[in-house]
Each structure stands twice: as C-alpha cells, then as structure tokens.
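Working notes for the structure below.
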Amino acid sequence: MSGNQITVQKVEGDLITVESPEINVDSIINLIINEIISISVKIDLRDRTFPSTILKKIKHNDLGRNKRIIQQYKSSSSHIEKAYATVDQNIINGKQSALLMLNEMYFNALEKYQIDPFDVDMAKIREHADDIVDNVIKQLRKFVYKSANVPPYKEQVQLGINIVVAHAFVECLILENPNATN
C-alpha cells in the first residue's frame with residue numbers, strides 16, 4: 001500500500017474530500033493577467049515618481065508600504081487597458097465583470113475592518129489602507145489559483161495580481177477617491 005495516511009481527530013463542520021468544481025472554470029482575471037505578462041515591458045526600477053493624480057490618491061488614503069504595487073503598475077499601465085479590451089472582444093462585459101469582482105473584494109476587505117462601504121470612515125481607511133490592499137491581494141491570489149487557467153509562472157502571477165490591484169486602485173475601485181463628495 002502506498003500513499004499518505006492521515007488521522008483526523010475531530011471535525012467541526014463540513015469535511016469535503018472532493019476537488020471543488022470551481023477549479024475547472026476559467027477566470028477572466030486570469031485572462032487579463034496572461035495578457036499583461038505576455039507583453040514585453042521595460043521596467044525602470046529607479047523611477048519612483050507618481051503622476052500627481054495618483055500621488056493625491058495615495059496621500060488621501062495614507063497608503064504606505066503598498067505604494068510598491070503602484071510602482072509595478074507604472075511600467076504596465078498602458079498595457080492593462082489593452083488587456084481589458086482584448087478580454088472584452090472575447091467575453092461580453094469581461095472588463096466590467098473583472099472590475100466588479102475586484103470591487104467586491106474591496107468591500108469584503110472593508111467588512112473585515114468594520115468599515116461600512118456605503119458610509120466610509122476615512123480615519124479607519126487611512127489606519128488600515130495597506131492592510132485593506134493586502135487583503136484584496138490575498139483574496140485575488142486565492143481566486144486566481146482556484147481557476148482552471150492559472151498562468152504558468154508564480155512570479156508572473158504575483159506581478160499580474162499586483163498590477164491588476166494597482167490598476168483597480170488607480171481607477172478608484174479599491175480605496176477611496178479623493179475627489180468624491182460625501
């Protein structure tokens with residue numbers, strides 16, 4: 001007899017021993033990541049400047065350590081819209097579906113920090129901005145790896161996730177828009 005044997009002591013809740021059917025379903029976001037990582041870009045690691053509109057949003061939300069993903073996004077910013085356009089050519093409302101999913105992940109992250117997404121407390125947003133972005137990245141990573149069409153290289157997956165999340169930040173789907181009026 002070969003294989004691993006495990007002993008389960010106590011089960012509190014459902015025990016599922018079969019593979020989840022969602023693993024067999026492709027993801028639009030994975031298509032976008034595949035498009036982004038297939039484009040050759042020149043990355044200038046020395047350029048740490050941000051356009052003024054993005055800098056304003058970073059300051060408004062008090063984003064700290066996760067400014068690094070905005071830096072990664074800069075090199076691919078012109079390509080992500082092309083990736084969304086390509087997906088939209090093949091999937092009805094592909095971009096919209098992906099952006100709605102990212103916005104839902106943001107709302108889930110807000111709930112984790114007891115922030116009402118419809119009556120945002122900016123003090124709490126600022127206090128937890130990096131943790132909220134980390135949570136969205138974590139949710140997206142889990143989502144990406146539970147899909148059938150996972151890109152082949154882990155480094156490219158992580159970079160693609162960071163770029164997609166940074167794009168959602170720039171588009172004001174993750175964290176708050178400094179120009180919004182309450």
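Read the figures in this text as sums done on the coordinates, not as results from a lab. What you are looking at is a predicted structure, and each value in this text was computed from that prediction instead of being measured. Positions of Cβ are generated from backbone atoms using ideal geometry, with glycine treated the same way; all protein chains shown enter the neighbour counts.
On the stretch given as the range 119-152, residues that are touching a Leu at 6+ places or on another chain (Cβ under 9 Å) and surrounded by fewer than 14 Cβ atoms within 10 Å (Cβ to Cβ) total 0.
So that you can scan it fast, the table gives a plain yes or no per residue for (1) touching a Lys or Arg at 6+ places or on another chain (Cβ under 6 Å); (2) part of a helix (DSSP H, G or I); (3) under 23 Å from Ile28 (Cβ atoms):
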site	(1), (2), (3)
Ala109	no, yes, yes
Ile115	yes, no, no
Ala129	no, yes, no
Ile132	no, yes, yes
Leu140	no, yes, yes
Val144	no, yes, yes
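The residue list Asn179, Asn149 contains one member that is in contact with a Ser or Thr (Cβ under 7 Å, 6 or more places away or on another chain) and part of a loop (DSSP other than H, G, I, E, B), which is Asn149. Just to be sure, is Arg141 within 19 Å of Ile37 (Cβ to Cβ) and of a type in the set (Lys, Arg)? The answer is yes for Arg141.
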